[in-house]
Amino acid sequence: MTVKIQLHTYTSEERLDGKEHELERIPSVGEYIALREDNRWFKVEIVVHWVSSPLDGEVYALAVEPQDIIDKSGFGKLTKY
């Protein structure tokens, strides 16, 4: 089963996107998401769950630098597969 969400993505300077996406589940606040393996990362800041709508919810996410997140986590360098 998949869910339909409206994903609003931003950088600190501008709005990037506001498109519908089908995902396996609605992301939670604080999680990091990427729409493709080679795509930029976004940190989920706000989640709105919809009850009577064709969409299951809206997600607002801010662009982040993956290596900054990895460095803060203490796990070392980010490697490509």
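Trp50's amide H: which non-local residues (gap 5+, or another chain) put their own amide H closer than 5 Å, with H modeled 1.01 Å from N in plane and none for Pro or chain starts?
Gly57, Glu58
For every helix of n ≥ 4 consecutive DSSP H residues, a contribution of -39,500 (n - 2.57) applies; sum these over the chain, divide by its total residues, and give [θ] at 222 nm rounded to the nearest 500 deg cm²/dmol.
-2500 deg cm²/dmol
Quick one: what are the phi-derived ³J(HN,Hα) couplings along segment 12-28, Karplus 6.51/-1.76/1.60 with θ = phi - 60°, whole Hz, x for glycine and proline?
The phi angles translate into 5, 9, 8, 7, 9, 7, x, 9, 7, 9, 9, 10, 6, 7, 7, x, 9 Hz.
What is the Cα convex hull volume of the chain when expressed per residue in Å³? It would help to have the intermediate numbers written out before the result.
Numbers: hull volume 8.8 nm³, N = 81.
It comes to 108 Å³ per residue, whole-number rounded.
For the chain, calculate the relative contact order in percent as a whole number, restricting contacts to Cα pairs under 8 Å that are 6 or more residues apart. Display every interim value, and only then the final one.
Values: 152 pairs, mean separation 23.6, N = 81.
After rounding, I find 29 percent.
May I ask you to list the GluC sites (Glu not before Pro) in segment 32-76 that are in a DSSP loop and have at most 15 other Cβ atoms within 10 Å of their Cβ? Don't jump to the answer; show the numbers that get you there.
On the way: sites: Glu37, Glu45, Glu58; in loops: Glu37.
Of the GluC sites (Glu not before Pro), the ones in loops of segment 32-76 whose Cβ has at most 15 other Cβ atoms within 10 Å are Glu37.
On the protein heavy atoms, probe 1.4 angstrom, tell me the percent of accessible surface of the chain carried by carbon and sulfur. Don't skip to the answer; put the middle values down first.
On the way: 3110 of 6070 Å².
Whole-percent figure for carbon plus sulfur exposure: 51.
In square angstrom, what is the accessible area per residue of the chain with a 1.4 angstrom probe?
Working: 6070 Å² over 81 residues.
Heavy-atom accessible area per residue stands at 75 Å².
Filter the chymotrypsin sites (Phe, Trp or Tyr not before Pro) in segment 2-66 to those in DSSP coil with at most 14 other Cβ atoms within 10 Å of their Cβ, and list the result. All intermediate terms of the calculation are to be shown ahead of the outcome.
Details: sites: Tyr10, Tyr32, Trp41, Phe42, Trp50, Tyr60; in loops: Trp50.
Listed in order of number, the matching sites are Trp50.
Along the Cα-to-C-beta direction of Arg15, a point sits 7 Å from the Cα; which residues of segment 52-73 have their amide N less than 16 Å from that point?
Hits in segment 52-73 for Arg15 at 16 Å: 58-63.
Near the amide H of His8, under 5 Å away, which other amide H atoms are found, from residues 5 or more places off or on another chain, if H is placed in the peptide plane?
Val59, Tyr60, Ala61
Which value, in debye to the nearest 20, gives the size of the charge dipole of the chain about its Cα centre, when Lys and Arg are +1 and Asp and Glu are -1 at the Cβ?
On the way: 10 positive and 15 negative charges, 35 e Å.
For the chain, the charge dipole is close to 160 debye.
Would you give the gap between the C-alpha center of segment 6-21 and the C-alpha center of segment 25-56, rounded to a whole Å?
After rounding, the separation between the Cα centres reads 11 Å.
Given labels modelled 7 Å from the Cα in the Cβ direction, how far is it in nm from Trp50 to Leu35?
Inter-label distance under the simple model: 1.7 nm.
Only bridges whose two residues both fall in the chain count here: according to DSSP, what percent of them are antiparallel, nearest 5? Mind dumping the intermediate values first?
On the way: 18 of 24 bridges.
Counting only bridges with both partners in the chain, antiparallel ones make up about 75 percent.
The values are calculated or read from the model by the stated rules, or taken from the named source; none is laboratory data. Remember, it's a predicted structure, so these values are computed and weren't measured experimentally. For neighbour counting, all protein chains shown are included, and Cβ atoms are generated from backbone atoms with ideal geometry for every residue, glycine included. Heavy atoms of the whole protein, side chains included, go into the accessibility calculation; ligands, DNA and RNA do not. Shrake-Rupley method; radii C 1.70, N 1.55, O 1.52, S 1.80 Å.
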